[in-house]
Amino acid sequence: MVNVAIMGHGVVGSGVAEVLLKNSELIAKKAKNEIRIKHILDLRDFPEIPYSDLFTKDFNDIISDDDVKVVAEVMGGLHPAYEFTKQCLMAGKSVVTSNKELVATYGAELLALAEENNVNYLFEASVGGGIPVLRPIAQCLAANDLYEVEGILNGTTNFILTRMISDGMSFEDALKMAQDLGYAEKDPTADIEGHDACRKICILAALAFGKHVYPNSVYTEGITKITSADAAYADFADCAIKLIGHAKLLDDGKCTVAVYPAFVSRKNQLAHVNDVFNAITVKGDAIGNAMFYGPGAGKLPTASAVVADIIDCVKHLHARKYLSWDDCDADYIADHRKDTVRMYVRLGYTGERPAVIESITSLFGQIKVLGRQGEPSDELAFITPFASEEAIFSQLGTLKNCQVLSTLRMLD
Ligand code: HSE
């Protein structure tokens with residue numbers, strides 16, 4: 001029998017306990033060992049829960065218990081999760097986690113610490129909720145030179161955008177629904193401002209390209225500025241609006257990493273990923289494109305990934321999974337605005353429409369003008385031809401009698 005501890009009994013932690021208890025026989029067969037929850041750490045009281053005798057408020061009960069071989073850190077946030085994880089690894093306990101903030105910030109250091117102490121630090125649940133994606137990148141695609149990763153990485157914002165666009169729901173109502181369903185972070189700002197997706201693309205880029213990417217080096221834009229007008233123009237252009245995390249390895253060994261809402265062509269599979277679902281496309285020299293799709297958030301899908309990591313640790317109590325990446329140099333992240341893109345632009349203008357279109361065309365070349373029902377007469381939306389994002393913004397800045405209301409990248 002192997003004893004495990006769970007740190008945190010929130011949405012994910014309670015799901016981990018539920019899955020371990022409900023599927024205990026099946027899990028024991030797969031792990032070739034019975035897995036017993038010995039401690040659950042949480043500062044709150046849970047008197048009504050059948051396993052209430054397992055709760056402790058004292059981390060020392062876990063760290064000083066030599067019988068505990070695997071710890072699930074599902075408390076979230078950086079502190080004290082960072083200190084607790086370090087202590088567990090140094091005490092020879094493997095740690096599994098869904099905590100993307102911690103992995104994205106301290107992943108290189110914690111992986112090195114796991115290696116020094118001959119234990120595992122696994123975090124499949126930190127990206128894509130229940131979708132198996134990190135292990136496939138690290139193991140199944142190991143033969144590839146991976147050069148690009150892109151996807152819909154946040155269930156809450158995808159749920160909100162889907163409800164707004166398909167059901168005409170307000171942003172606030174859709175966010176409340178996502179929170180009630182247990183998808184959102186404790187502070188939903190991390191979801192709607194793109195920070196959660198940023199942490200996930202950092203982890204994906206680190207795993208795919210072998211170097212740590214720090215969240216504070218990544219351009220991150222959320223969905224709070226998206227309006228119903230933008231959604232209507234997207235529909236006209238046969239696109240959906242999605243929050244995209246994108247990472248690309250460049251020829252000089254640097255990489256661009258960014259998070260932004262984009263017009264995604266309905267010819268692209270990502271446009272059809274709706275509700276809380278996530279999808280991640282990975283590009284490699286041998287595989288071409290591979291896509292991973294599934295539930296990106298929620299109690300049991302996330303618990304499914306955490307428990308799978310616990311099983312993996314139990315099966316490899318005396319062996320390492322060799323999951324690691326190096327720290328990066330200060331100039332590793334290149335400027336994403338040098339990327340060649342097409343952009344959706346919505347302007348307010350004064351003057352004659354044909355003259356405005358002519359001046360825009362003379363700047364950009366052939367543009368595609370969009371329309372929407374109820375379009376105000378002083379509004380113009382269009383899609384630029386390909387150019388660097390930097391050049392597009394600089395040209396937009398020279399337009400006279402125009403005010404830029406929205407800009408979004410196009411994803412074909
Ligand atoms: N808040 C996250 C999301 C949870 O909505 O995707 C899963 O990481």
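The values are calculated or read from the model by the stated rules, or taken from the named source; none is laboratory data. Computed from a predicted model, the values in this text were never measured in an experiment. Glycine also receives a Cβ, built like all others from the backbone with ideal geometry; neighbour counts cover every protein chain displayed. In case anyone asks, the SASA skips ligands and DNA or RNA and just uses the protein heavy atoms, side chains included. Shrake-Rupley method; radii C 1.70, N 1.55, O 1.52, S 1.80 Å.
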Phi angles of region 61-68, converted by Karplus (6.51 cos²θ - 1.76 cosθ + 1.60, θ = phi - 60°) into ³J(HN,Hα) in whole Hz with x for Gly and Pro, give 4, 8, 5, 8, 9, 5, 6, 7
Quick numbers on region 100-244, Rg and Dmax over C-alpha atoms in Å, give 17.0, 56
State, to one decimal in nm², a quarter of the convex hull surface area for the C-alpha atoms of region 204-326, i.e. the direction-averaged projected area.
-> 10.5 nm²
Set the Förster distance to 30 Å, then compute FRET efficiency between residue 393 and residue 357 from the Cβ-Cβ distance, nearest 0.05.
-> 0.95
Quick one: what are the phi-derived ³J(HN,Hα) couplings along region 235-251, Karplus 6.51/-1.76/1.60 with θ = phi - 60°, whole Hz, x for glycine and proline?
-> 4, 4, 7, 6, 10, 10, 9, 9, 8, 10, x, 9, 9, 9, 7, 9, 4
With a probe of 1.4 Å, find how much accessible area the chain has per residue, and write the answer as a whole number in Å².
-> 43 Å²
Give me the Debye-computed log₁₀ of I(q)/I(0) at q = 0.32 Å⁻¹ for region 64-109, equal point scatterers on Cα only, no solvent, two decimals.
-> -1.29
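Can you give the net charge of the other residues whose Cβ lies under 12 Å from the Cβ of residue 82, counting K and R as +1 and D and E as -1?
That sum, taken over residues with Cβ under 12 Å, equals -3.
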Signed unit charges on C-beta, dipole axis of region 1-60, positive-most listed residue 33, 59, 43 = 33
Here the alpha-carbon Rg of the chain over 2.2 N^0.38 Å rounds to 1.07
So which lysines can residue 368 reach, going by Cα to Cα under 18 Å and dropping same-chain residues fewer than 8 places off?
-> 267
For the chain, with +1 on Lys and Arg beta carbons and -1 on Asp and Glu, the positive-most of 146, 402, 183 along the dipole = 146
Where q = 0.18 Å⁻¹, what log10 of I(q)/I(0) comes from the Debye formula for region 109-149, counting one point per Cα?
-> -0.67
Lysines with Cα under 19 Å of residue 22, excluding same-chain neighbours fewer than 8 positions away = 30, 32, 38, 299
Give me the compactness ratio for region 5-164, meaning the Cα radius of gyration over 2.2 N^0.38 Å.
-> 1.11
Amide H neighbours of residue 71 at under 5 Å, excluding residues fewer than 5 places away on the same chain, with H built from the backbone geometry, are 5, 94, 95, 96
Would you kindly state the longest site-free stretch of the chain, with sites defined as chymotrypsin sites (Phe, Trp or Tyr not before Pro) in a DSSP loop (not H, G, I, E, B) surrounded by at most 16 other Cβ atoms within 10 Å?
-> 52-321
Expressed as an acute angle from 0 to 90° and rounded to the nearest 10, what is the orientation of the C-alpha long axis of helix 155-167 relative to the principal long axis of the chain?
-> 40 degrees
Could you please report the charge total around residue 196, scoring K, R as +1 and D, E as -1 over all other residues with beta-carbon less than 15 angstrom from its beta-carbon?
-> -1
Trypsin sites (Lys or Arg not before Pro) within region 1-83: DSSP coil, no more than 15 neighbouring Cβ in 10 Å | 32, 44, 57
Indicate the gyration tensor shape class of region 349-408 (rounded, prolate or oblate), computed on the Cα atoms with a ≥ b ≥ c the square roots of the eigenvalues: a/c under 1.5 is rounded; otherwise a/b larger than b/c is prolate and the rest oblate.
-> prolate
With axes computed from alpha carbons, what is the tilt in degrees of helix 195-209 against the longest principal axis of the chain, rounded to the nearest 10 within 0 to 90?
-> 80 degrees
What list of ³J(HN,Hα) values in whole Hz, one per residue of region 298-313 in order, does the Karplus curve 6.51 cos²θ - 1.76 cosθ + 1.60 (θ = phi - 60°) give from phi, with Gly and Pro shown as x?
-> x, 4, 6, x, 5, 4, 4, 6, 5, 5, 4, 5, 4, 4, 4, 5
Amide hydrogen neighbours beyond the local backbone of residue 277, cut-off 5 Å, H modeled | 296
For residue 388, other-chain or 5+-apart residues with amide H closer than 5 Å (H placed, Pro excluded) are 341
When the scattering of region 271-375 is computed by the Debye formula from its Cα atoms alone, each counted once and equally, what is log10 I(q)/I(0) at q = 0.23 Å⁻¹?
-> -1.26
Cα extents of region 227-282 per principal axis, largest first, Å, are 39, 21, 19
Candidate aspartates and glutamates - alpha carbon under 17 Å from residue 321, same-chain residues fewer than 8 apart omitted = 109, 115, 116, 124, 309, 312
Not counting the cut sites, what is the longest span of the chain without GluC sites (Glu not before Pro) that DSSP labels loop and that have at most 12 other Cβ atoms within 10 Å?
-> 49-351
Cα convex hull volume per residue for region 1-97, in Å³, equals 93 Å³
Quick calc, the chain, dipole around Cα centre from Cβ unit charges on Lys, Arg (+) and Asp, Glu (-), nearest 20 debye, gives 800 debye
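As an exercise, identify the trypsin sites (Lys or Arg not before Pro) in region 137-229 lying in DSSP coil whose Cβ has no more than 12 other Cβ atoms within 10 Å.
Values: sites: 163, 176, 186, 199, 200, 211, 225; in loops: 186, 225.
Here the sparse-neighbourhood loop sites are 186, 225.
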Computed FRET value (nearest 0.05) for residue 187 with residue 167, which takes r as the C-beta separation and R₀ as 25 Å | 0.50
Among 77, 121, 215, whose Cα sits farthest toward the positive end of the charge dipole of the chain (+1 at Cβ of Lys/Arg, -1 at Cβ of Asp/Glu, about the Cα centre)?
-> 121
